[in-house]
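Here it is, the structure, as structure tokens.
Every number here is computed from the coordinates shown, using simple stated rules; none is lab data. Bear in mind the structure is a predicted one, so any value in this text is a computation, not a measurement. Here the Cβ positions follow ideal geometry from the backbone for every residue, glycine too, while neighbour counts run over all protein chains shown.
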Amino acid sequence: MFAVVYRVFVKPGRENDYQAAWKQVACYFMQHRGAIGSCLHRSEEGYWVAYSRWPDKATRDNSWPGDNAPSTQLPEDIRAAIKTLQDCGDQKLPEICMDVVTDLLCNLTVHELSKSDPEKLKMGRDIFMRYFLDLYKDLHIEPDTKSYLEKIIGATQEAFKTQDDLHGILVYL
């Protein structure tokens, strides 16, 4: 897994614009370009920090236009949101690119997501399944094990579809 930390000082009075544009861009990249997730923070020092996770560096590099003008491959509304992010920035600090070594971040259950935001539930389901299937395709497994994993995937999809929490998957296993 690969992660990037983005840091920027946001112009006074542009905080809401920055936050809205960041959310729009982050959701797009999670739904359509392979990002696993992202989180936005405001530091005590006054700069904003976004942490973005990707399956690997290649996925991120192929998806993100970088500091140049937004790629024409991106939808117009996303290009406009990226332009808003750039316009809101007062001073951008260098990105920090990292390989994930150990992951202990806690994720919400599907039940918690479904209570908070149905759109987050759909994104979470899609990201989880993409990640799980990506792991699954790289395994060299026997046919019996393959059918067992297919049952796990089916149970996982059903749990997400019905908005049950992950407890149902563990009971199934």
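Please state, to two decimals, what the Cα-based radius of gyration of region 2-99 comes to when divided by 2.2 N^0.38 Å (N = residues).
1.00
When the Debye formula is applied to the Cα atoms of region 6-63, each taken as the same point scatterer, what base-10 log of I(q)/I(0) results at q = 0.18, 0.20, 0.27, 0.29 Å⁻¹?
The Cα Debye sum returns log10 ratios of -0.64, -0.76, -1.09, -1.17.
Which FRET efficiency, nearest 0.05, do Thr102 and Ala58 yield, Cβ-Cβ r, R0 22 Å?
0.55
Which of Cys27, Cys97 has the fewest other C-beta atoms within 10 Å, and how do the rest follow up to the most?
Cys97, Cys27
Mind sorting Ser43, Ser38 by how few other Cβ atoms lie within 10 Å of their own Cβ, fewest first?
Neighbour counts put them in this order, fewest first: Ser43, Ser38.
Multiply the residue gap between Leu40 and Asp77 by 0.36 nm, knock off their C-alpha separation, and tell me the result in nm, one decimal place.
Extra length from Leu40 to Asp77 when fully extended: 11.3 nm.
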